[in-house]
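The structure under discussion appears below in the form of structure tokens.
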Amino acid sequence: MASTQALKSRIRSVKSTKQITKAMQLVAASKMRRAQDADKASAPYTKAASELLSYLASQGASDEHPLFARRHIKARLIIVVSSDKGLAGAYNSNILKTYLNEYKQSDAESVKVKTITVGRKVGQFVGRLKDAEVVGAYEGVADQPSGRELHAILDTARDMFMSGEVDAVDVLYTEFISSLTQKPRVQRLLPAGFTAGTVSDSVRDAKYEPSPEVVLDSVVTRLIGAQLYQALLDARASEHSMRMIAMKNATDNANDLVDDLTLEMNKARQGAITQELAEISGGVEALNE
């Protein structure tokens, strides 16, 4: 059994760690609330944008538009979103596993993969992959990306698609479902109009002036940007949620460990007192003889 002094030292160390994890939990919770609010505020616009792209594509308005061109995929661009920091549970590992699966699947189909990384963790991971081609790496992107940050990524993807350098552009991010549920998702950005689901009546019955073709040409890049922006917001909300949960679990584990160590210390102290009493009793008996 460890000495009382050693146990006291371990208890102090665990309590110090608990204070750090508790503070990180509170910070993550605050950031999570702001990220969730931003994500929810943007979601209706992004949903409408996706439905509009799908509807216009289905009506033939996009037949001649270069951003809707569907080609045999020989090369694809994957925009991967991770975090800059760790201590977020399985957030980064889930994204990296999904990216690796996409990379291997494309390689098996003889599809060349180019990558844009958003976040230090995925940048470091992709940089260690053999033959991985990184065409852009971004770190320190804000929870609510500015127009400059968003367009730096979007313009690169659009130019590569329009030039024929890649035949498809996908964004891989963690979809925010709830504070307790998040999952990696691969969403196709280009060719545009690649959206699953039904189109609402409000989009289907809308009138487009002067024509769907003119409307499409003027807003298609903005609508694709809305999808990318939503993916970045989802990723940040998921990151902060998973970090808050991870830090809460760490704090709870620290509390349990402190309780266990305190119990062990009390047992050690009681054992020491019992030993001293036994020695005193033995000494008194020796004197009486």
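Hey, how many Å between the Cα centroid of the stretch 12-41 and the Cα centroid of the stretch 127-188? So the separation of the two Cα centres works out to 26 Å.
Calculated [222 nm] ellipticity per residue, helices only, for the chain: -22000 deg cm²/dmol; basis is -39500 (n - 2.57) per DSSP H run with n ≥ 4, divided by all residues, nearest 500. Across the stretch 99-258, the relative contact order, built from alpha-carbon pairs under 8 Å that are at least six residues apart, equals 19 percent. Two tests apply to each whole DSSP H helix in the chain, Cα reach of 18 Å or more along its axis and mean Kyte-Doolittle hydropathy of at least -0.5, and the ones passing both are 4-58, 147-162, 212-288.
If you wrap the stretch 23-245 in the convex hull of its Cα atoms and look at it from every side, the mean projected area works out to 12.3 nm².
Peptide packing: for 30-36, 75-81, the average count of neighbouring Cβ atoms within 10 Å per residue gives the ranking 75-81, 30-36, highest mean first.
Identify, among 30, 73, 49, the residue whose Cα sits farthest towards the positive end of the charge dipole of the stretch 17-77, taking +1 on the Cβ of Lys and Arg and -1 on the Cβ of Asp and Glu, with the dipole about the Cα centre. Selected residue: 30. The value of relative contact order for the chain, using C-alpha pairs under 8 Å at least six residues apart, is 33 percent.
No lab work stands behind these numbers, since they all come straight from the coordinates. Quantities reported herein were computed from a predicted structural model and do not represent experimental measurements. Ideal geometry is used to build each Cβ from the backbone, glycine not excepted, and the neighbour counts take in all protein chains shown.
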